[in-house]
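A.B. asks: Once you've had a glance at the structure underneath, I'll fire off some questions.
Just so it is clear, none of the values below were taken in a lab; they were calculated from the coordinates. Keep in mind the model is a prediction, meaning the values are calculated, not measured. Positions of Cβ are generated from backbone atoms using ideal geometry, with glycine treated the same way; all protein chains shown enter the neighbour counts.
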Amino acid sequence: MCRLFGFRSVLQSRVHRSLVAADNALGQQSVRHQDGWGVAYYVDGAPHLTKSPTHALSDAIFHRLSGVVSSETVLAHVRNATQGTNTVLNCHPFQHGRWVFAHNGDIPGFADRWRKPLVAEVAPRFRRYILGDTDSEVLFFVFLSRLHERGPLARSHDADEVLETLDDTMRLVRAMCETGPDPVLLTCVVTDG
């Protein structure tokens with residue numbers, strides 16, 4: 001499965017050590033999770049996202065980006081693909097507007113059995129933004145659809161509202177997809193900065 005890194009601070013901070021230099025740095029974890037990487041960070045409330053389907057430690061862009069990122073909110077991911085091909089479209093984090101999402105887990109049988117019913121849970125207005133073929137991206141848009149039911153995504157949603165929506169989304173997905181012996185694994189991080 002994938003590995004996630006989430007960082008939130010009241011002060012802008014650099015995260016190079018956590019991404020590259022620490023003993024358990026995300027880049028070090030990419031040795032076993034070689035199917036791509038992504039880093040999202042916020043500047044003046046707007047997300048900036050860089051992704052690549054390459055191995056993070058061997059990617060000069062990952063090293064360069066990790067050295068310059070300074071933000072109050074950072075979300076990073078290294079991928080060990082269980083669903084979808086190894087393309088930039090399937091690398092996390094995923095972004096829509098100011099919202100950013102990454103997932104570590106798996107929905108067994110997603111492509112053959114669960115993709116179509118889960119996409120049906122995505123509001124029609126968001127379906128065209130699903131560009132890849134991962135369970136993670138579809139989960140993100142199911143979450144955004146449910147959050148949008150509580151009010152437009154452009155408005156500020158408080159933490160309780162976001163957590164309730166995320167919990168509701170994960171319960172829905174588990175109820176739909178956890179029918180066989182293999183568990184549905186749904187660890188995720190979502191932020192609007």
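A.B. asks: How would you order 162-172, 66-76 from highest to lowest mean count of nearby Cβ atoms within 10 Å? All intermediate terms of the calculation are to be shown ahead of the outcome.
C.D. replies: On the way: 162-172: 15.9, 66-76: 20.1.
So the peptides 162-172, 66-76, ranked by packing, come out 66-76, 162-172.
A.B. asks: At 0.36 nm per residue, minus the direct Cα-Cα distance, what do residue 150 and residue 125 gain on full extension? Give it in nm, one decimal, please.
C.D. replies: Details: separation 25, 0.36 × 25 = 9.00 nm, distance 1.52 nm.
So the chain would gain 7.5 nm between residue 150 and residue 125.
A.B. asks: At a 10 angstrom cut-off on C-beta neighbours, averaged per residue, how do the peptides 131-141, 175-185 rank from highest to lowest?
C.D. replies: On the way: 131-141: 23.3, 175-185: 14.0.
In decreasing order of mean packing, 131-141, 175-185 become 131-141, 175-185.
A.B. asks: How big is the dipole moment of segment 55-193 about its Cα centre under a simple scheme where the beta carbon of each Lys and Arg is +1, that of each Asp and Glu is -1, and everything else is neutral? Debye, nearest 20, please.
C.D. replies: Working: 14 positive and 18 negative charges, 100 e Å.
About 480 debye.
A.B. asks: Using a Förster distance of 30 Å, how high is the FRET efficiency between residue 160 and residue 48, based on the Cβ-Cβ distance and rounded to 0.05?
C.D. replies: Once rounded, the FRET efficiency stands at 0.65.
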